[in-house]
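Heads up: the structure comes next, in structure tokens.
Where a number appears in this text, it was derived from the coordinates with a stated rule and is not lab data. Computed from a prediction, not measured in an experiment: that's the story for all the values here. Cβ placement follows ideal geometry from the backbone for every residue including glycine, while neighbour counts extend to all protein chains displayed.
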Amino acid sequence: MSEYAIEAQQLSRRFGKFTAVDAISFQVRPGEVFGFLGANGAGKTTAIRMLIGLLAPTSGSARVAGYDILTQAEQVRRRIGYMSQRFSLYEDLTVRENITLYGGIYGVSDQDIVRRTEEILGRIGLSEPASRELVRDIPLGWKQQLAFCVALLHRPGVVFLDEPTGGVDPITRRRFWELIYETAAAGTSVLVTTHYLDEAEYCNRISIMVNGAIAAMGAPAEVRTRFGAETLDQVFLRLTRPGTAA
Amino acid sequence: MKSFLGFVRKEALHLLRDRQTLAILLLLPVIQVLIFGFAVRTDVREIAIVIVDPTPDLATLELRDRVAASDRFRVVRVAPSTSQLDAQFRASMVRQALVLPRDVARRIGRGDSLPVQLLTDGSDPNTGGIMQGYATAIVQRWYADLAPSRASLQIQALSRMRYNPTLESSHLFVPGLIAFVLTIVSAMMTAISITREKETGTMEMLLVSPIRPAAIVAGKVTPYVALGFLSVLLVLIVARVVFEVPLRGSLALLLAESGLYIVTALALGILISTQAPTQRTAMIFALAGLMMPTLLLSGFIFPLDSLPVWLRTISYVVPARWFLIVVRGIMIKGAGLATLWQETLVLVGMTTFLLLAGSRKLAIRLG
């Protein structure tokens, strides 16, 4: 029905008098890496929470993976993956137990769970003994990659990553973006929020949110040209602090 | 169903890997029974008593023998006068004093009145009352034996405590302990384990997934239901082996009623978890909101009859109050469902209400 992986129309959310998200509209194409940028409190997380069904919009509508987030939440849930800001695996379960648990929750068949477990371990380079360790005991870089792969376990059409690279070292961040590209190349759309503007350059398209509204949107090069800026940093500063000359 | 079983497995693993908590949860029932059984008892033994006997004769010797023979009393000394009693009471050397008049045997022979004074340390009113009862019983019996003709003219009430003739307090506290332990295991642990997932962020992952909130909650509480049953059995076994507390009614009925109460407690735990943002708050809610009423307003520690009316009114909404009547009925009186159906029905009603309220709150929170 819809050719877009995500299609938001005039999506808004108010908390009392405060408007966290103010009538945002955007589309994400299949296989696209879409960067969601903005200062803390700009409304990124609120927007994502509406798209994944954790929060009801005050007005507006959206379709995710072809289904309406309000009326077809169940279908949406089956077709999206989500990795939250906070670490989302169970620390007191082993790597394998985490994968099996989430596989079971998403209704992945036993054979597929076994096969995909080996795939994931190979993909992030985790050894057999390490896979039987508690998640608590493996390094953070691996945990984040693992959380990402677990979010993709049921082969969702869209995956939402909320600041996935917070607190990891540059090498792991690079490795993480390789994983994102692989995923997008396989046809899954990726919506990623980030604080790192160099990472924004890796996205196919970006949107910059200011005070709940989308202030700029387009391919990174396009956005830079439109603002006559050399880097996204300058664009970002000009948008978020209009008074300062960048 | 498969995702539900996976979920139960996960929850069981959490529980089994948290060795410290598990050890506490399993030891708790055992230790509680031992503490309550040995230390906290309302039946009194070895009461230090002074007998003031100014003119010893055959009659008073007989009374002294009877007091000394009872294992309720330990005769500290026999004094000729009351002069040192005050100091002895203050120093807690004695807790009771039996003061006899002069010339006891002669008075009985003549048929005169016999004023006997019984002084009891009333600083703990409950035990004080019990001590007084014991001493009065001995004196009355002794008098009736010595002066049968006079006693026969009086109305005599022969009292006998049914179901618990020796007034063993352990028979009374074990049912209360079952309610207490189940409140901790079921309500508090459920509340903590659900809020823990809220705190770590894993709850968000689950809510984004297709698994239904009801299945999440059901999966989370299942291991605690099992743990609850295990605790009940532990309490029963320790109480039976160490304190010979009887189980006069049906074990199956007792376990079924315990199962009902476990669900009540779980529902309370779920309700708490929907309100509490963190594990710490959940714990405080559970301690103040559940544990205190379970201890104090259920008839476990203080008899409900001795509560003021307004507190007694509050006690009607404490589930443990009803569960306690049921458990005491089954264990001590050997009662069956025929007599306990009303209390059972109250519990069923409360549980249904709590489950509905809990799931409603859960739904609102997700919206």
Review point. Kirkwood Rh, segment B:285-332, all Cα pairs: how many Å?
Key: 10.9 Å
Point to revise | Debye log10 I(q)/I(0) at q = 0.11, 0.15, 0.20, 0.21 Å⁻¹ for segment B:220-359, Cα point scatterers | key: -0.44, -0.83, -1.39, -1.47
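Going through the cross-link list A:Lys17/B:Lys2; A:Lys44/B:Lys361; A:Lys17/B:Lys198, which pairs have a Cα-Cα distance over 32 Å in this structure?
A:Lys17/B:Lys2
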Exercise for review: Name the most mobile residue of B:Val225, B:Val208, B:Val245, meaning the one with the largest mean-square fluctuation, in a Gaussian network model of chain B with Cα contacts below 10 Å.
Suggested key: B:Val208
Check your understanding: Which longest uninterrupted range of chain B lacks any GluC sites (Glu not before Pro) assigned by DSSP to a loop state (not H, G, I, E or B) and surrounded by at most 16 other Cβ atoms within 10 Å?
Key -> B:47-243
Study note, to complete from the structure: Mean separation of Cα contacts under 8 Å (at least 6 apart) over the residue count of chain B, i.e. the relative contact order in percent, is 18 percent
Review point. B:Lys220: which aspartates and glutamates have alpha carbons under 18 Å from its alpha carbon, excluding same-chain residues fewer than 8 sequence positions away?
Key: A:Glu91, A:Asp92, A:Glu97, B:Glu11, B:Asp18, B:Glu197, B:Glu199, B:Glu204
Check your understanding: How much of the calculated P(r) for the protein assembly as shown lies past 40 Å, in percent of all Cα pairs?
Key -> 50 percent
Study note, to complete from the structure: Helix A:140-151: inclination vs chain A longest Cα principal axis, degrees, rounded to 10, gives 90 degrees
Check your understanding: Using modelled amide H (1.01 Å from N, peptide plane; none on Pro or chain starts), what sits under 5 Å from the amide H of A:Ala62, excluding residues fewer than 5 places away?
Key -> A:Gln9, A:Ile69, A:Leu70
Study note, to complete from the structure: Answer in debye to the nearest 20: the dipole magnitude of segment B:47-146 about its Cα centre, from +1 Lys/Arg and -1 Asp/Glu charges placed on Cβ, is 40 debye
**Study point:** chain B - Debye-derived log10 I(q)/I(0), Cα point model, q = 0.09 Å⁻¹
**Key:** -0.65
Revision key, fill the gap. Taking the alpha-carbon centre of each part, the distance from segment A:187-217 to segment A:1-73 in Å is 13 Å
Review point. Averaged over peptide A:96-107, how many Cβ atoms belonging to another chain are found within 10 Å of each residue's Cβ?
Key: 5
Check your understanding: Can you give me the pair-distance distribution of segment A:126-243, C-alpha pairs, 5 Å bins, whole percents?
Key -> 2, 10, 19, 19, 17, 15, 9, 5, 3, 2, 0, 0
Check your understanding: To the nearest 10 degrees, how steep is helix A:110-124 against the longest Cα principal axis of chain A, on a 0 to 90 scale?
Key -> 70 degrees
Practice item. Give, rounded to the nearest 20 debye, the magnitude of the charge dipole that segment B:219-367 has about its Cα centre when Lys and Arg contribute +1 at Cβ and Asp and Glu contribute -1 at Cβ. Key: 320 debye
**Study point:** Net charge over other residues, Cβ less than 11 angstrom from the Cβ of B:Glu343 (K, R count +1; D, E count -1)
**Key:** +1
Revision key, fill the gap. Computed from every Cα-Cα pair in chain A, P(r) in 10 Å bins starting at 0 and rounded to whole percents is 7, 30, 35, 20, 6, 1
Review point. With each run of n ≥ 4 DSSP H residues scored as -39500 (n - 2.57), what mean residue ellipticity at 222 nm is computed for the protein assembly as shown after dividing by its residue count and rounding to the nearest 500 deg cm²/dmol?
Key: -17000 deg cm²/dmol
Check your understanding: How about segment B:91-128: which trypsin sites (Lys or Arg not before Pro) there lie in a loop by DSSP and see at most 11 other Cβ atoms within 10 Å?
Key -> B:Arg102
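Within 10 Å, count the other beta carbons around each residue, average over each peptide in B:288-294, A:113-119, B:178-184, and list them highest first.
Highest to lowest by the protection proxy: B:178-184, B:288-294, A:113-119.
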**Study point:** Loop trypsin sites (Lys or Arg not before Pro), segment B:1-76, which have at most 13 other Cβ atoms in a 10 Å radius of their Cβ (DSSP)
**Key:** B:Arg45
Revision key, fill the gap. Projected onto their principal axes, the Cα atoms of segment A:128-191 stretch, largest extent first, over whole-Å spans of 32, 26, 18
**Study point:** Cα coordinate range in segment B:1-150, projected on the principal axes (Å, largest first)
**Key:** 90, 37, 22
Revision key, fill the gap. Cβ-Cβ cut-off under 10 Å around A:Thr231, Lys and Arg +1, Asp and Glu -1: the net charge is -3
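Counting only C-alpha contacts under 8 Å and six or more residues apart, can you give the relative contact order of chain A as a whole percent?
Taking the mean separation of contacting Cα pairs over the length of chain A, I get 26 percent.
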Check your understanding: For A:Leu191, what charge total do you get from the other residues with a beta carbon under 14 Å from its beta carbon, if Lys and Arg give +1 and Asp and Glu give -1?
Key -> +1
